[in-house]
Each structure stands twice: as C-alpha cells, then as structure tokens.
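Read the structure below first, then the notes.
Any read-out appearing in this document is the output of simple, stated calculations on the displayed coordinates, not a laboratory observation. Being a predicted model, the structure only gives us computed values, none of them experimental. Because the Cβ atoms are built from the backbone with ideal geometry, glycine has one as well, and the counts that use them run over all protein chains shown.
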Amino acid sequence: MKPFQRSLKLFFVLLLIQLMSCSKDSLIETESVRNDDDLVTSRTTIDCRDEYNNLAGSWPAGSGYQYVYHIIDVSCVAYGDIVQLSVVAYDVPNRFTVRTGSIPGSGSYVTDSGWIGYANYSGPWGSSLSTQNTQTITFTKTSDYYTIQIETSVPSFMSDSWEVNLACECEPECLDNCGTNFGDTYYGTGFYIYPAIPLTFQCLDQNNCPVQSVQITVTALDVPNRFTIRRGSSTGTIVTQTNWIGYADYYGPWGSSLSTQNTQTLTFNYLSGTTYYFIVETSAPSSPYDAWQASIACSYSCGGPTF
C-alpha cells in the first residue's frame, strides 16, 4: 500500500472512532438527562391563578419503582376553603399523596389516593390491582403551598403516564391600605389639621383571623406633629394617638419647646368591617414648613404573612 493510501485509511479510521465516541457521548448525555429528571413532565408547579391547572407526566417502560414531587400553589385561596385534585393513572397504577409545604417530603401528611389503576402483576399495591383509574382528592386549605407526590412501579412491557388537575377558587383581589406609604406637606403657618385620610382593610376582612393587627409608622420630618387614629368617622372614637413628636425650640401646642424621637409606631387591633381615619396635626412657624410621612403594615395570626 502506498504511503498516501495508508495515511488516508488511517485518517478515515480515526474519524470513524471519533464519530463513534461522539455518538456514545450523546447517548450517555441523553440518558443522564432523562435519569436526572426521572420522568417526562409538563411542568413543576400548578397554581390556582393559572388558566390550565394541570400536571402530566410519564415514565418509560422498565423504569421500576419511581416517584416525583410537584408543588401546588394555593396562596390565592382563602384559608378554610376546599381544594380539589382530580388524579388519573392512565396505564400503570399510581399513588398520589398530598403534604403541606413546598419542600418535597418534609411537610405533614394531608391525604392520598391510595394505589389506583389496573395491574395483573405484582407491585407495591400487592399481587394485583383493579380499581377506578380516576379519583378526586379534596382537602381544606391550611397552608399556602402543598406538594403532591406521584408514585408508580413501571414493568418492562408497559410505560406509565398520569395526570393531575387542580380545582380551586382564588379570593377576589382586595384593595386596601395595607402596605402603603404616604405623606403630605403644609406650607402655611400656625396650627393646622390635615384633611382626615380614610383607611380601609378589606384584605384583613377576607382572612377571618382572630387577631389582626395594623401598625402605622409615622415620622415628623421638620415641624412637630401629632398623629391620631379614629374609628368610624373623622370625629369618631380615638383608637390610638401619639403625643407631639419631633423637635421645636419655640412655643407651640406641645409647650415651650419639644425634643423627642421624630418616629413612632401606632398599633391597634383591627375591628372587621370598620373604616378608620388617620389625622395629622401641626403648628408651623414661618420657617421651616411642615412635612410628615407614614407607612402601614398589617399582620394576622392564623398563618398568613405580614404585608
């Protein structure tokens, strides 16, 4: 064989080896992706806010015992409302288990479907199984998030597929003063009462919790202020009130002078269905003018967040 022909043959042999190596690497990579995922699935979380609240997944034949967790987001649902899951085992039997929280395997057990579907061979369900392949699971919301665990045992001669459909109703969006920041300025002189600001707390009404607290942090920025919360009307019962706060080296409603912290927090327990009124007073000299600011935080004691 001529040197040129030997070199050309060697080139093609090396090229073939390289191509075979790439193909093997690609196959291993594909298999590892499938094994990492454990299954082919449509998404990882279902949310009551979504238009299509369903999960679906499958395992290939011969996968053996498998399980996976998915998150159920019901944060928009009122506490105490019913959440419903319709589960389907299409080919191989499945078991669907619901736990509280969003961390797989760590929450408290809520409910499960038991093993459902059909199998004329043994598995985690026993020697055989014959049930309806569809079941509805219901539970009462006590947490914003849940996990659902889907289990199966896939034989060599059949693949597995399953589906979960979520049915729940979000609360109407509430619009109130929780989480808001506001303030105002007075450029005049002398004693002045700002227009009363009505405060509503519809979101707290929706929670139906035994203790619901409102915290309003107020700041007198330049001239001293006094902040008052009244219930029912701008002249209604005083719920809570600051003293005059801030600094003044001149006479005013606070006396001959004043020197206090200029920030204070007003706290009160919310009475359901009530409108409150936020009232600010000042007494401004010719200079500087008056300015103040406030921020509202709301909290409740039945498992909900502060906002």
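Rounded to the nearest 0.05, what FRET efficiency do Thr131 and Cys76 give with R0 = 30 Å and r taken as the Cβ-Cβ distance? Could you check?
Working: r = 33 Å, r/R0 = 1.10.
Step by step, r from the Cβ atoms, then E = 0.35.
How are the alpha carbon pair distances in region 40-167 distributed across 5 Å bins from zero to the largest one, expressed in percent?
Result, from short to long distances: 2, 11, 22, 24, 19, 12, 7, 3, 1, 0 percent.
Ala56 to Leu221: FRET efficiency via 1/(1 + (r/R0)^6), r the Cβ-Cβ distance, R0 41 Å, to the nearest 0.05? Please report the intermediate quantities before stating the final value.
Values: r = 57 Å, r/R0 = 1.39.
According to the calculation, E is roughly 0.10.
Exactly which chymotrypsin sites (Phe, Trp or Tyr not before Pro) in region 186-286 are in a DSSP loop and have at most 16 other Cβ atoms within 10 Å? List each step's numbers first, then the result.
Details: sites: Tyr186, Tyr187, Phe191, Tyr192, Phe201, Phe227, Trp244, Tyr247, Tyr250, Tyr251, Trp254, Phe268, Tyr270, Tyr276, Tyr277, Phe278; in loops: Tyr187, Phe201, Trp244, Tyr250, Tyr251, Trp254, Tyr270.
Hits after loop and neighbour filter: Tyr187, Tyr250, Tyr251.
What does the net charge come to around Ser283 if you take all other residues with beta carbon closer than 10 Å to its beta carbon, with K and R at +1 and D and E at -1?
Numbers: positive: Arg226; negative: Glu281, Asp290.
Summing Lys/Arg as +1 and Asp/Glu as -1 gives -1.
How many nm is it between the label spots at Arg49 and Ser259, if each spot is 7 Å from the Cα in line with the beta carbon?
5.1
Can you give the extra length, in nm with one decimal, that the chain gains between Gln241 and Tyr187 once fully stretched, where that is 0.36 nm per residue apart less the Cα-Cα distance?
Values: separation 54, 0.36 × 54 = 19.44 nm, distance 2.38 nm.
Here the segment from Gln241 to Tyr187 would lengthen by 17.1 nm.
Quick one: grab the alpha carbon gyration tensor of region 181-300, order the square roots of its eigenvalues as a ≥ b ≥ c, and give me rounded if a/c is under 1.5, else prolate or oblate depending on whether a/b is larger than b/c. Can you show the working numbers first?
Working: a/c = 2.49, a/b = 2.19, b/c = 1.13.
Prolate, since a/c reaches 1.5 and a/b exceeds b/c.
Simple spin-label model, 7 Å along Cα-to-Cβ: Ile197 to Ser108 in nm?
3.9
For region 236-244, just list the computed ³J(HN,Hα) in residue order, Karplus coefficients 6.51, -1.76 and 1.60, θ = phi - 60°, integers in Hz, with x standing in for Gly and Pro.
x, 4, 6, 8, 7, 7, 8, 6, 5
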